[in-house]
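The values are calculated or read from the model by the stated rules, or taken from the named source; none is laboratory data. The structure displayed is predicted, hence computed values, not measured ones. Using ideal geometry, Cβ is built from the backbone for each residue, glycine included, and neighbour counts are taken over all protein chains shown.
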Amino acid sequence: MTDFHFYEPADGHRLPHDPFNAIVAPRPIGWISTLGADGRRNLAPYSFFNAFNYRPPLIGFASQGRKDSLANCEATGEFVWNLVTRAQAEAMNASSASADADEFTLAGLEALPSRLVAAPRVAGSPVQFECKVTQIVRLETKEGRALDQWLVLGEAVGIHIDTALLEDGIYQTARAHPIVRGGGPADYFEIAEDALFHMRRPA
């Protein structure tokens with residue numbers, strides 16, 4: 001029989017590090033660029049990020065606390081998601097610093113103009129989604145107690161893809177060498193071609 005470690009989160013996990021993030025992993029990274037109402041640039045990575053709908057394409061990230069990305073999305077109704085590659089891992093990490101500074105400058109990154117939103121894109125990122133905010137939801141516990149956690153959902157109204165990542169019109173996921181967030185305080189994974197396998201849905 002399997003020996004399970006069981007715990008009720010409300011009572012603590014009784015482990016050296018909370019395993020929740022490591023279990024729900026790897027997770028895509030929400031590298032979110034925004035503009036403040038005053039035109040100031042902001043760039044920050046979020047490990048709670050994913051896609052939620054095909055048509056229209058909806059993505060979302062969750063902010064723990066009222067951070068600049070959330071405030072900017074509330075003020076302008078726009079953001080850009082930038083794909084993080086292995087080559088930009090260190091810059092992405094640098095942009096996570098809690099500093100009263102332009103994170104593009106802080107991380108040594110150039111910006112590219114967007115077409116449909118005012119927020120800039122990250123130069124060197126091979127894929128960017130220009131998004132319009134559709135919902136901002138304050139998360140709650142099962143008892144209905146409001147948390148200091150906010151889910152920002154946006155519709156991708158403009159998508160940029162480096163054509164080098166397309167083969168016969170099909171996007172090649174591993175070709176960009178994207179990285180994803182693992183568990184623990186510092187774990188990341190790179191998506192590589194040798195991890196690929198094929199499995200079609202049953203008819």
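Here are a few things to note about the model shown:
- Being over 19 Å from LEU70 (Cα atoms) and in a strand (DSSP E or B) holds for only one residue in GLY158, GLY154, GLY184, and it is GLY158.
- Test: residue in the range 109-118 that is more than 30 Å from ALA186 (Cβ to Cβ), touching a residue at least 40 places away in the same chain (Cβ under 8 Å), surrounded by 17 or more Cβ atoms within 10 Å (Cβ to Cβ) and out of contact with any Pro (no Cβ under 8 Å at 6 or more places or on another chain): yes
- PHE52 vs. criteria aromatic (Phe, Trp, Tyr), in a strand (DSSP E or B) and either over 17 Å from the mean Cα position of the chain (by Cα) or within 12 Å of ALA119 (Cα to Cα) (or both): no
- Positions within the range 1-18 being surrounded by 11 or more Cβ atoms within 10 Å (Cβ to Cβ) and either at positive phi or in contact with a His (Cβ under 6 Å, 6 or more places away or on another chain) (or both), in sequence order: TYR7
- Residue count for the range 19-39, restricted to those that are at pLDDT below 95 and of a type in the set (Phe, Trp, Tyr): 1
- Residue list for the range 80-108, restricted to those being surrounded by fewer than 13 Cβ atoms within 10 Å (Cβ to Cβ) and of a type in the set (Asp, Glu): GLU90, ASP100
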